[in-house]
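Student: Here it is, the structure, as structure tokens.
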């Protein structure tokens, strides 16, 4: 079983990984589009310190489940066109790990995830934010809204859900979905295009208004 490393990030950063923009700034330049080196700003450091409690909360959620799934790393090889090749996935597309997730929960959570991707592809901010928890443990809702507003203004991005599996389920109201997502990002100001493939762990929480995403992590 391969070891998985989780990194807490803003949901916007998750979906836009490799797009080559700095979402905290009003402009985009060509240098930022190269993701080889990411400089850590004072704001980044402050945000990391602010997320210390967040990390502990997410880890607590992860540790509450008994089963740890096997996972293959997603290769990031490129063909001649520069596009990342999507490998054949070992995920079943339904419930590869835990048979304890009720079918109703699966349907409800997947409906929210698909709605989120559809809202993202349509650059509809309010519709997108409606899929996120306002009391999230993995990100700040208001900061995320500002990030996504900037992203929709600066980027032409599309996402495709390639595969998924339900990982962990907590009857108290948490469920984790492992997803394989292909993203096609174009920086409007420069026309630079970056295609990426990401494997993510998305944690949803049951709230009075239904299931909402409360944290999203990249599997490295």
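The values are calculated or read from the model by the stated rules, or taken from the named source; none is laboratory data. Since we're looking at a predicted model, the values are computed, not measured. Reconstructed Cβ throughout: ideal geometry from the backbone, glycine too, with neighbour counts over all protein chains shown.
Student: Suppose we filter 119, 183 for residues that are without any contact (Cβ under 8 Å) to a residue 40 or more places away in the chain and in contact with a helix residue (DSSP H, G or I) (Cβ under 7 Å, 6 or more places away or on another chain); which single one remains? Give the derivation first.
Tutor: Working: 183 fails: without any contact (Cβ under 8 Å) to a residue 40 or more places away in the chain.
Selected residue: 119, the only one of 119, 183 that is without any contact (Cβ under 8 Å) to a residue 40 or more places away in the chain and in contact with a helix residue (DSSP H, G or I) (Cβ under 7 Å, 6 or more places away or on another chain).
Student: Report, by residue number, each residue of the range 141-163 that is touching a helix residue (DSSP H, G or I) at 6+ places or on another chain (Cβ under 9 Å), free of Cβ contacts under 8 Å to residues at least 60 places away in the same chain and not in a helix (DSSP H, G or I).
Tutor: Selection gives 158, 160, 161.
Student: May I pose another question? State all residues of the range 189-201 that are assigned to a strand (DSSP E or B) and in contact with a helix residue (DSSP H, G or I) (Cβ under 9 Å, 6 or more places away or on another chain); if no residue qualifies, say none. Talk me through it step by step, then tell me what you get.
Tutor: The first filter runs over the range 189-201 and keeps only residues assigned to a strand (DSSP E or B), leaving 193-201.
Matches in the range 189-201: 194, 198, 200, 201.
Student: Another one. For the range 130-146, enumerate the residues that are surrounded by fewer than 19 Cβ atoms within 10 Å (Cβ to Cβ) and either under 19 Å from residue 111 (Cα atoms) or under 16 Å from the mean Cα position of the chain (by Cα) (or both).
Tutor: Applying the first criterion (surrounded by fewer than 19 Cβ atoms within 10 Å (Cβ to Cβ)) to the range 130-146 yields 130, 134-135, 140-143, 145-146.
Hits for the range 130-146 are 130, 134, 140, 141, 143, 145.
Student: Continuing with this model, one more query. Name the one entry in 186, 178 that is part of a strand (DSSP E or B) and surrounded by 21 or more Cβ atoms within 10 Å (Cβ to Cβ).
Tutor: Selected residue: 178, the only one of 186, 178 that is part of a strand (DSSP E or B) and surrounded by 21 or more Cβ atoms within 10 Å (Cβ to Cβ).
Residue-wise test of (1) under 25 Å from residue 220 (Cα atoms); (2) in contact with a strand residue (DSSP E or B) (Cβ under 7 Å, 6 or more places away or on another chain).
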site: 105; (1), (2): no, yes
site: 133; (1), (2): yes, yes
site: 148; (1), (2): yes, no
site: 157; (1), (2): yes, yes
site: 164; (1), (2): yes, yes
site: 187; (1), (2): yes, yes
site: 191; (1), (2): no, no
site: 202; (1), (2): yes, yes
site: 208; (1), (2): no, no
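Student: OK, next. Looking at the range 168-180 only, could you name the residues that are more than 17 Å from residue 111 (Cβ to Cβ) and within 15 Å of the chain's Cα centre (by Cα)?
Tutor: 178, 180
Student: Tell me, yes or no, whether the range 109-127 has at least one residue that is at pLDDT 95 or above, surrounded by 17 or more Cβ atoms within 10 Å (Cβ to Cβ), in contact with a strand residue (DSSP E or B) (Cβ under 8 Å, 6 or more places away or on another chain) and more than 26 Å from residue 197 (Cβ to Cβ).
Tutor: no
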